[in-house]
Each structure stands twice: as structure tokens, then as C-alpha cells.
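Just below is one structure, and these are the notes that go with it.
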Amino acid sequence: MKKTFISGASRGIGLELCKQLLGRNENVIAGCRNPDEAIGLTALQNIHGKLEIVQLNVDEEESVRKCFDRLNERGETIDRLYNNAGIIDWKDLSEVSADSFSNILQTNLRGAFLVLRHSVCCMKRSHNAWIYNMSSRLGSIELRGNTQLGGAIAYQCSKAGLNMLTKQAAIDLADFGINVVSLSPGWVKTEMGGEDAKYEVADSVAKLITVTDQLARDKNGGFFGEDGGEIPW
């Protein structure tokens with residue numbers, strides 16, 4: 001039975017991933033900043049015995065290191081990692097503050113890097129390991145050249161950087177049998193996406209799971225949308 005680790009699991013896409021994977025009778029480890037306040041996760045845990053909730057603050061390397069050290073010490077195997085924790089600031093080039101820009105990069109890029117790097121100890125034990133970096137079409141440099149969509153410059157830069165992390169990690173981890181891809185969930189009705197978004201959270205997550213079920217190892221290092229199509233870098 002596969003075991004999946006999900007960061008940023010207390011709400012939105014992360015929480016729905018937990019719900020749907022547990023519904024498939026899979027084992028899930030849910031990482032979140034404040035487990036005691038994660039009401040949605042606690043409710044799921046009361047229903048499903050295969051959910052473990054762990055403390056994980058991706059902004060703090062010590063928190064990330066301790067989380068995966070504990071899992072590694074007990075010989076845990078992680079088969080799937082959804083590198084999902086992220087934040088957004090919708091402000092454009094002229095309005096975003098330098099502090100906000102730094103915060104977005106810290107969580108979305110540095111945080112994803114820390115989770116990816118520290119999880120390797122557990123993922124090496126898997127016979128078919130996959131890391132799914134949760135990116136966005138807003139991180140596609142080519143698509144930004146073909147649209148008038150503006151704003152969220154810090155977020156866009158963080159996701160473009162995340163995509164480079166995907167490409168290089170896919171190369172660096174190939175010898176360990178660990179595959180790395182970027183996924184875009186589409187425009188989703190979460191706190192980040194807003195009420196005008198295209199997808200309900202459950203619909204987006206169902207589509208993502210279908211995509212991940214179908215990915216073969218020759219797709220390692222790729223960038224895919226919720227429809228399964230490849231997204232240009």
C-alpha cells in the first residue's frame with residue numbers, strides 16, 4: 001500500500017488530497033504548521049485510521065529536518081510527496097513590497113526545496129517514488145508571454161523557480177529512483193484562488209490524482225496540468 005506525504009495539508013488542495021487519498025484506502029502523512037488547530041485534518045483522522053498528522057513549518061529548516069528525521073528514524077517509506085505548501089500575494093510589480101516578495105519566495109520555493117531535500121531519506125526506500133511539486137501555469141515563462149494576465153509577480157517568480165527545482169532535482173535524484181514533476185492544479189476555488197475560479201477544490205484534486213496515477217517514469221522532470229497535458233516552461 002502506497003504511503004503519501006502532503007505538505008500544507010490543513011486546508012484547500014492539501015486537505016482535499018488527504019480526503020480523496022484516504023477515500024482510496026491509502027496511507028497519508030499530513031504536514032501542517034499547527035496540528036492542534038487543524039480541525040479538518042482532525043476530523044478526517046477520526047474517520048480514517050490511516051492518517052497521521054505531523055508538525056511541519058516549511059519556512060523553518062529545523063522544523064522540516066525534525067519532521068523527516070523522526071520519520072526516517074522509524075524506517076518510514078514515502079512513495080509519494082505532494083510538495084503543496086504555498087502562499088500568494090496578488091500585487092503587481094509596482095505594488096508588491098520587498099518583504100512580501102521575500103516571504104513568497106521563502107515559502108513557495110525555499111520551503112519546497114527544504115521539504116524535497118529532507119524527504120529523500122524516506123523516499124529512497126520506495127521502489128517507485130514520486131515528488132509532485134505543486135506549481136502553476138503562472139510559473140510558465142512561455143505562457144506569460146502569450147497572455148495579458150498581470151499581477152502576482154512574486155508568486156509567478158516563485159513558481160518559475162520551483163519549476164527549475166523540479167528539472168534539476170529530477171536529474172539529481174534519478175539514480176535513487178525518485179521521479180520529480182511539476183503539477184498545476186488549474187484555477188481553484190480556495191483562499192488563494194478566490195470564488196471566481198474555474199474549479200471546485202474536489203474537482204481539481206480528482207483530476208490531479210488521475211494525472212498522477214497515469215504518469216510513467218519517462219515523464220520524469222516534466223510539467224503537467226490538471227488535464228494531463230504538458231505545460232511549456
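Laid out as a table, the results:
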read-out: Within the range 77-92, tally of residues that are crowded, with 16+ Cβ neighbours inside 10 Å and either free of Cβ contacts under 8 Å to residues at least 12 places away in the same chain or touching a Gly at 6+ places or on another chain (Cβ under 8 Å) (or both); value: 5
read-out: Filter result (within 10 Å of residue 119 (Cα to Cα) and either surrounded by fewer than 16 Cβ atoms within 10 Å (Cβ to Cβ) or not β-branched (Val, Ile, Thr) (or both)) within the range 60-76; value: 65, 67, 68, 69, 71, 72
read-out: Verdict on residue 143 being modelled with pLDDT under 95, crowded, with 19+ Cβ neighbours inside 10 Å and in a helix (DSSP H, G or I); value: no
read-out: Enumeration of residues in the range 73-88 that are in a loop (DSSP other than H, G, I, E, B), closer than 16 Å to residue 134 by Cβ and polar (S, T, N, Q); value: 84
read-out: Residue match in the range 93-114 (condition: touching a residue at least 60 places away in the same chain (Cβ under 8 Å), surrounded by fewer than 23 Cβ atoms within 10 Å (Cβ to Cβ) and of a type outside the set (Phe, Trp, Tyr)); value: yes
read-out: Candidates 57, 25, filtered to the one that is surrounded by fewer than 16 Cβ atoms within 10 Å (Cβ to Cβ), polar (S, T, N, Q) and in a loop (DSSP other than H, G, I, E, B); value: 25
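Okay, residues lined up against (1) within 20 Å of residue 207 (Cα to Cα); (2) assigned to a helix (DSSP H, G or I):
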residue	(1), (2)
13	yes, yes
18	yes, yes
29	no, no
42	no, yes
45	no, yes
52	no, no
68	no, yes
71	no, yes
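The values are calculated or read from the model by the stated rules, or taken from the named source; none is laboratory data. Predicted model only: the values in this text are computed from it and were never measured. Glycine gets a Cβ as well: all are built from the backbone with ideal geometry, and neighbour counts include every protein chain shown.
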